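Worksheet for the structure shown next.
The values are calculated or read from the model by the stated rules, or taken from the named source; none is laboratory data. This structure is a prediction, so every number in the text was calculated from the model and none was measured. So basically every Cβ, Gly included, is an ideal-geometry build from the backbone, and we count neighbours across all protein chains shown.
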Amino acid sequence: MLLLVIASISNASGGNKTFGKKINPSTAKSSTTYSLIKKTILSPIDLKATRETKMVFNNMMVLGNNKKVLFGHQDDLAYGSTWRYNTANKGNMHVSDTKDVVGDLPALFGWDLGQYYPDSLNYLINGVLNNDLKKFIVSAYNNGGINTISWHCDNPLTKGRFNDCNPNTVHAILTDAAVNATFRQWLGYIADFIGDLKVNGVLIPVIFRPFHESNLYNSFWWDNGACGAEEYKQLWKMTVTFLRDERQLHNILFAFSVNDGFTSESFSNKFLQDYVDIIGFDIYQKVNSFSEMATFINRTRTNCKNMAAIAAKFGKVPAITEIGAENIPYSKWWTEAFLPAINNMPVAYALLWRNPYKGVDASASYSVSVDHSSAGDFVDMYNNNPQIIFCKDAAAMNLYR
């Protein structure tokens, strides 16, 4: 079902913000005023979705239609370039690299349930502790932000990692009783986790984004190198129906995302419109050069337009499900690359990838931190571009009501 949502989103004049303020909806950026819908117009694929889940779906649709983009960051409350929650911030749930720079949290919080096994106290993928993740999700929700969860699922056939690209994996999930039982057990752990996300008895809505970037080759056990389109669609449908129908979880919005370089054909090959709420793409600038930066801007804008056209056709929310540049290679990257790439684009959110804690992980960072040369440029983007929505403004919008 598709119905154009029209809302008024206006920006009043206002000043800049300072560092280190506590999150307070009354101090929304640039004195921005918003008029979002207060009743559901579009329904997500789950007709039994909770009121809060329906509202956040509709309000993301409004934001995309009005070219207002929620700024997101993966694992923002869990760790940053120089700190980690369990060792550094002594229980302060508002420590984040984003907040350290602009005094505001992201509006969208990304997490991953890869290697989530409830009988283990080990770290999940990306270094988040099992028993801390629910705290972070509740904190993000209480601050007015939206939570999105990806799933770098281990290989249920080989028991290897997500990048064990055995070409028989998905086929075995669909046809082998033992492998299917393993997969259903692991998916059951995800269901238990999501079903336990509550505040005052109210289920927290989450975006669930499994089996992403399936148009790649030999990166994941569910991608084109290991899995055909028909079996992928059976796997996707099985996952949605298990969570929504069998486990009766009605606080999930399902996101289907592909990697940069998708075509209409490659997208449609695996897209099940009746089992998807949000569609998006992942894109990164991987080379430190001005020519690559220009290419990144053009690719992002082209992908946004193509994704928005598909979303409008099928009544889905369009998004940039991952974005970034390795180690932010240029001090003006935010205002001269990121902003030109997404500005005036009809997508609801853009999720920057993570900043690993350098004490244990030397891999690339993808967002701002106080010690990075781009921090001042990030402040400029934050202060002067009210169309990029952070947590204070998201709280002022009250996306769940």
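Tabulated results
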item: Per-region count, region 314-334, residues farther than 17 Å from residue 366 by Cβ and outside any loop (DSSP other than H, G, I, E, B); result: 3
item: Hey, residue 369 of a type in the set (Gly, Ala, Ser), buried (at least 17 other Cβ atoms within 10 Å of the Cβ) and assigned to a loop (DSSP other than H, G, I, E, B) or not; result: yes
item: Failed item in (1) surrounded by 16 or more Cβ atoms within 10 Å (Cβ to Cβ); (2) at pLDDT 95 or above; (3) of a type in the set (A, V, I, L, M, F, W, C); (4) more than 19 Å from residue 68 (Cα to Cα), with residue 334 passing the rest; result: (4)
item: Set 155, 126: member being touching a strand residue (DSSP E or B) at 6+ places or on another chain (Cβ under 8 Å), crowded, with 21+ Cβ neighbours inside 10 Å, of a type outside the set (Val, Ile, Thr) and outside any strand (DSSP E or B); result: 126
item: Residue 340 part of a loop (DSSP other than H, G, I, E, B) and modelled with pLDDT of 95 or more; result: no
item: Residues (modelled with pLDDT of 95 or more, in a loop (DSSP other than H, G, I, E, B) and not hydrophobic (A, V, I, L, M, F, W, C)) located in region 241-288; result: 247, 248, 250, 251, 260, 277
item: Residue in region 189-247 that is nearest to residue 168 (Cα to Cα), counting only those that are touching a residue at least 12 places away in the same chain (Cβ under 8 Å) and of a type in the set (Lys, Arg); result: 233
item: Boolean, residue 326 is among the acidic types (Asp, Glu), in contact (Cβ under 8 Å) with a residue 12 or more places away in the chain, within 24 Å of residue 95 (Cα to Cα) and buried (at least 20 other Cβ atoms within 10 Å of the Cβ); result: no
item: Subset of region 129-149 [part of a helix (DSSP H, G or I) and not polar (S, T, N, Q)]; result: 132, 133, 134, 135, 136, 137, 138, 140, 141
item: Of the criteria (1) in contact (Cβ under 8 Å) with a residue 24 or more places away in the chain; (2) at positive phi, which one residue 159 fails; result: (1)
item: Given (1) closer than 22 Å to residue 58 by Cα; (2) hydrophobic (A, V, I, L, M, F, W, C); (3) outside any loop (DSSP other than H, G, I, E, B), index of the condition residue 294 fails; result: (1)
item: From 350, 308, 396, residue being surrounded by 19 or more Cβ atoms within 10 Å (Cβ to Cβ), more than 20 Å from the chain's Cα centre (by Cα) and either within 30 Å of residue 46 (Cα to Cα) or among the charged types (D, E, K, R) (or both); result: 396
